[in-house]
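Inspection log for the structure reproduced underneath, given as structure tokens.
The values are calculated or read from the model by the stated rules, or taken from the named source; none is laboratory data. Since we're looking at a predicted model, the values are computed, not measured. Neighbour counts are summed over all protein chains in view; Cβ atoms, including those assigned to glycine, are modelled from backbone coordinates with ideal geometry. We work out accessible area using only protein heavy atoms, side chains counted, and drop any ligands, DNA or RNA first. Shrake-Rupley method; radii C 1.70, N 1.55, O 1.52, S 1.80 Å.
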Amino acid sequence: MIELNPQETTRAYAFDMWMNAPMPMVTFFKTLDVSHLVKISRKKHLKFNMLMCWCIGRAASQVKEFYMLPVADKLIRYDSIAVNTIVANENGEVSSCDIPFSDSLATFNTDYLRLTRQVGRTCENHDLTDCMVIGTSALAQFDIDGAVGMYSGVFNNPFMIWGRYRKSLFKTILTVSFQFHHTQMDGAHAARFLSLLQEEILMLM
């Protein structure tokens, strides 16, 4: 990770416009077809949430803006991406777990299972400070359409939330909300990411 001069990047205008904005976050909603993901989850005995996180990492890794993030008053470029998930711990509370993204689904799955079990057992967060982390929260037991207004003023990371997927006669759908800092990316970048996410879900083997 290195500090960038914003004026020497493609985010120069956005940095000037949005870094000091009282609400620099934007939220998009998208309904995804996750029929294939559910099928793979059941057939290969893989956790649905893990597969979602891996597809998120795959899609994000194809959009260069994900490797830059406004931190405090600086613009930082990262060499790698991680996907965060919220874990129910043994104290009956929740803890945060960052999983390093790998192009290998097998590697990511191994890390996901190992780290989420560790966090659940120790009740201690697992944070990766040298990665650009995409936050996620899966409220799989609830029917929700998304979430807005999560900006803390401290963490500028992109964040995704989803609830329970919904089955119909022909397919299974999942509505996600994606929040991002406007300094990091524009709406077109976010929309491309969500389109890539759908493609990754459909292409998963």
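Here are some notes:
- Matching residues, segment 30-68, being charged (D, E, K, R) and in contact (Cβ under 8 Å) with a residue 24 or more places away in the chain: Lys30, Asp33, Lys47, Arg58, Glu65
- Qualifying residues in segment 130-160 (those that are of a type outside the set (Asp, Glu) and touching a Gly at 6+ places or on another chain (Cβ under 6 Å)) - the one most open to solvent (accessible area, probe 1.4 Å): Phe142
- Residue that is nearest to the chain's Cα centre (by Cα), among those in segment 2-57 that are surrounded by 15 or more Cβ atoms within 10 Å (Cβ to Cβ), among the β-branched types (Val, Ile, Thr) and farther than 21 Å from Asn157 by Cα: Val34
- Complete set of residues in segment 151-179 that are within 24 Å of Cys131 (Cα to Cα) and out of contact with any strand residue (DSSP E or B) (no Cβ under 6 Å at 6 or more places or on another chain): Ser152, Gly153, Val154, Phe155
- Pairs, first of a type in the set (D, E, K, R) in segment 127-150, second open to solvent by 20 Å² or more (accessible area, probe 1.4 Å), C-beta under 6 Å, six or more apart: Asp130/Met1; Asp143/Arg164; Asp145/Thr175
- Restricted to segment 164-205, and to residues there that are surrounded by fewer than 18 Cβ atoms within 10 Å (Cβ to Cβ) and in a strand (DSSP E or B), the residue that is farthest from the chain's Cα centre (by Cα) is Lys167.
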